[in-house]
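Asker: For reference, the structure I am asking about is given below.
Throughout, read-outs are computed from the coordinates displayed, never taken from laboratory work. For clarity, every value in this text was computed on a predicted model and none was experimentally measured. Methodologically, a virtual Cβ is constructed for each residue, glycine included, from the backbone with ideal geometry; neighbour enumeration extends over all protein chains shown.
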């Protein structure tokens, strides 16, 4: 990983980890924390993206499944709530920290995702911001692929719950789904909403700053005021947290867009600290300079480095 020193070390580095990368990590000390959110829905935190679980008399529906080495721990945590099996897993997008458990869970469960998730998982590709953040992502085995895909939305009717996955295009990636648990008044946002600071937008995988803002606008229009929000990464949140995140994206992208119109280069924007007002969002994974680069590349249509296969 070029120019992002924390890509492998920091917690947020798992955002685009591959199965091979996961095998290099030590998951032995990871503990799966289970929190009751509302209704039938629980949130599981471990390593990787947050998991949502609808648990009831019909079995379990998972949203995302973290990394393969954690599958047994996740199953054990679920068995503390019910002896019934995981029947369905919905992937919010294709990154390995959200789909790494597809192989073990797919042996006994049905994997569901937006069609672009399957396309990206089955092909060699790149995850990155079309600049300094860049990681080759080899194609995943057949066993990791969703076997049910959808274009716009799909609903799983289980546990007295309408669990609706809705496609929000060109946000974090080009295959994002936000998952609504209608009866429990809970939403899992995938990585279209995170709480660790400036977001990682996978420009190399069809994500974009404007698409992400549009996705949040679409979702916010559908959320009741008292909804419980599970972010892709971070702590349980509220609709006001999502609104604040969306406003930050709009404000910062407007500053970068004006700088582009004024003819400033990326380097001039970074050296000029044009987003200093939002410095509190700068993190180990996506610091201010990396975020400026991401927004700049997204707004100018820059394409990233193609996949390079390593022997």
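Asker: Short version: what are the Cα gyration tensor semi-axes of region 152-251, square root of 5 times each eigenvalue, largest first, in whole Å?
Answerer: 21, 16, 11
Asker: What is the angle, in °, between the Cα long axis of helix 239-261 and the longest principal axis of the Cα atoms in the chain? Nearest 10 is fine, range 0 to 90.
Answerer: 30
Asker: With a 10 Å Cβ neighbour count serving as the proxy for reagent exposure, in which order, fewest first, do 187, 255 appear?
Answerer: Placing the least packed residue first, the sequence is 255, 187.
Asker: What is the antiparallel percent of DSSP beta bridges lying wholly in region 11-300, to the nearest 5?
Answerer: Around 70 percent antiparallel, to the nearest 5.
Asker: So, one more: Considering the values [x] 19.4; [y] 23.5; [z] 22.7, which represents Kirkwood radius over Cα pairs in Å as calculated for the structure under consideration?
Answerer: Given [x] 19.4; [y] 23.5; [z] 22.7, the calculated one carries the label [x].
Asker: Still on this structure, I have one more. Provide 266, 62 in ascending order of the number of other Cβ atoms located within 10 Å of each residue's Cβ, fewest first.
Answerer: Exposure proxy ranking, most exposed first: 266, 62.
Asker: May I ask you to order 195-206, 273-284 by the average number of other C-beta atoms within 10 Å around their residues, highest value first?
Answerer: Taking the mean over residues of other Cβ atoms within 10 Å, the ranking is 195-206, 273-284.
Asker: So, in Å, what gap is there between the alpha-carbon centers of region 179-240 and region 253-303?
Answerer: 22
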